[in-house]
Structures are given as C-alpha cells and as structure tokens.
Amino acid sequence: MDKFEVKLDQAARAAWLSYVGGCTQDDIAAQLGVSRPGVQRLLALARQEGLIKVHIDHPIAHCTALSQAIRTRFGLDYCDVVPAATGAADTTPYLAVAGAERLSKFIERSEPQTLSLGTGRSIRATAEALSRIDRPQHRFVSLVGNVARDGSANRYDGVMVAADKTGGERFLLPTPVVATSVEEKESLLSQPLFRAIGNVATQAAAAFIGVGRIDPQATLFQDHFISADELKELLALDAVGELLGWPMNANGEVIDCSITRRVTSLPLPMFHDLPVVALAGGREKGPGILAALRGGWLNGLITDEHAARFVVDHL
C-alpha cells in the first residue's frame, strides 16, 4: 500500500468516525493520533475523493476482508465489521450504529413484526441508537430472564427501550437467568406466563442477541446472575462464551452442567429456523463469537475489527 492509499484509508476512517460514529474532531484526532487540523485535512480529502455521499462510499479494506472471510467460512447472511479506532477500548457505540441500521430494516416495515432481543451492552446501545418511529403494531420480546438473584433488574435489557422508541408492545421474561434449583426452574417454566412469552418469541421475524464472555469480567458474573463458585465451574469445564445464558465450549456445544440445568432462557435449538444475529465486539469476546459460529447458532454477525481478527486468525 503506497502513501496515498494509506492516507486515503485514514481519511475513510476519519469520515466514518465523524459521519457514522458521531465523534467530534477532537475525538477523532485523539483516536487517530493526529492534530485537529490534520482531521480537517483528512475529512477534506475524503470529500475531495468522493468517499462521502449518503453513506461513506469507501470500504475500509481490512474490515471488508475480515467480513468476507467470516461470512464465507460460516455461510452467514451477512457479517458487518465496524472499524475500531486505535487504542479504543470500547467499540459499543460503533456496533450500536451498525446494529440499529440492521434492526431498523424490520422496524420500518408497516406490517406487524415480532422481534426477539437478548441482552448486553451492545443490544441495549443498539436499541438506544434507534430513531423514533410510530410502529405500535410491532412486538418486542425478551429472550433472557431480566431479574438477578438479588431482585435487581437487568440493566442491559433492550426490549423496553425499543418499545418506547416505537410505541410497540413489550414482552419481558420475569425470571432470573439462572434459577437457584432445578425445581425452581421447572416451576417457573410451567407458568402460563412463561409459556405465553415463549410462544410470542417463536413468531419473531429475527432475533438480535449478544455474546457473553466467561471470565471474572463476564456480565453473568458481574451482574450477579451466577456466583463465584458457578463461574469456577464453567471455567473448569472450558466454557469460552455464552448465548442467552447458555454456556458453550470452543466448538459451540452447549455444556451440560449444574448451571445449564437451571438456565431459564429459551433453548437455543428453538431458534434454528429463525434468523439470529449476534452483536459483540472486542478481542475478549472473540472466543465466544467463534464458538457461536462453529456451533451454527448464527445467521448474521455485527462485530468489530478486534473480534473479527481473532475469529479469522483461528479459522
């Protein structure tokens, strides 16, 4: 790649951060390691070279290559890879923009839509990034219990936000992610309310879910859905990630353990005939994303450069 191509690539990144990511010129300068006048010159170059139209008309080569490799290898409907700014620890805002664009394609339809949502930072941010639109005919249903063992609500639930943005109906799963006992789980699952919500979820046009990591920083552990001893159990069984609370090994197989027997989320196999899209980024999420792909649980993926590189490096 010659100097001009490098500069053009940097100009495209600056344009993406400005027009899609909503960053200020000071933010872009800090993320790209250039001065504020340097950002202005990069944006001017992007305009001069015709990169900026309604969308940024320039594929960031690295992201495009990663996207194509993952989509081809796993037969996905699509794989959106958003750029990660140099040194940026959190790409959630960028994932949210891409996720909202995909989710909006369903929401903008006039015919009634049922959409299933998991939980997590990216899912919540995606719902918050949606534009307000009047769609009271739509339904949003949670696929994961929204109550922790201490009674606190799931702070990363996106159903309420999406319903508020559209005026649509909301269906929440009023259970803990992991019951305290198998008997408690069986009791919860036998309730008419639980079965009714499960029935709504099976009618969804698509499901948008997060991918959880399994380590001391895991949301399942940090938000008190599982205990320290349960986290140790999962690590001892080589769990690398989770979907809707269901722990997976590196091959994407759901691990049979004491925790799995108490998970109250809707079972993953019931979504085999439903388009399932995962939103997750960061290299630490790479093992979980790769496991979900290997297990054949996903039809679409929205991720960032860091996680995508991990996946491609381990194909």
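Using the Cβ of Leu220 as centre and a radius below 11 Å, the other residues enclosed give a net charge of -3, where K and R count +1 and D and E count -1. Which of Pro83, Pro174, Pro192 moves most in a GNM of the chain, Cα contacts under 10 Å? Fluctuation is largest for Pro192. The figure for Thr202 is an accessible area of roughly 80 square angstrom, using a 1.4 Å probe on the protein chains alone.
Cross-link check: pairs Lys105/Lys185; Lys7/Lys285; Lys232/Lys285 evaluated at a Cα-Cα cut-off of 24 Å; pairs beyond the cut-off: Lys105/Lys185; Lys7/Lys285.
Over the chain, dividing the summed -39,500 (n - 2.57) contributions of all DSSP H runs of at least 4 residues by the number of residues returns a 222 nm mean residue ellipticity of -12500 deg cm²/dmol.
Roughly how compact is the chain, stated as its Cα Rg over 2.2 N^0.38 Å to two decimals? Walk me through the intermediate numbers first.
Numbers: Rg = 20.3 Å, N = 315, 2.2 N^0.38 = 19.6 Å.
Cα-based Rg divided by the globular estimate yields 1.04.
Measuring nothing but alpha carbons in region 3-49 and taking Rh as the Kirkwood radius, the Rg to Rh ratio lands at 0.92. For a test of the definition: using alpha carbon positions, the gyration tensor, and the 1.5 limit on a/c, classify region 224-312 as rounded, prolate or oblate. It comes out oblate by the Cα gyration axes. Heavy-atom accessible area with a 1.4 Å probe sorts Ile133, Ile60, largest first, into Ile133, Ile60.
The values are calculated or read from the model by the stated rules, or taken from the named source; none is laboratory data. Treat the numbers as computed from the prediction; the structure is a model and nothing was measured. Positions of Cβ are generated from backbone atoms using ideal geometry, with glycine treated the same way; all protein chains shown enter the neighbour counts. Accessible surface is based on the protein model in full, side chains and every heavy atom, while ligands, DNA and RNA are left aside. Shrake-Rupley method; radii C 1.70, N 1.55, O 1.52, S 1.80 Å.
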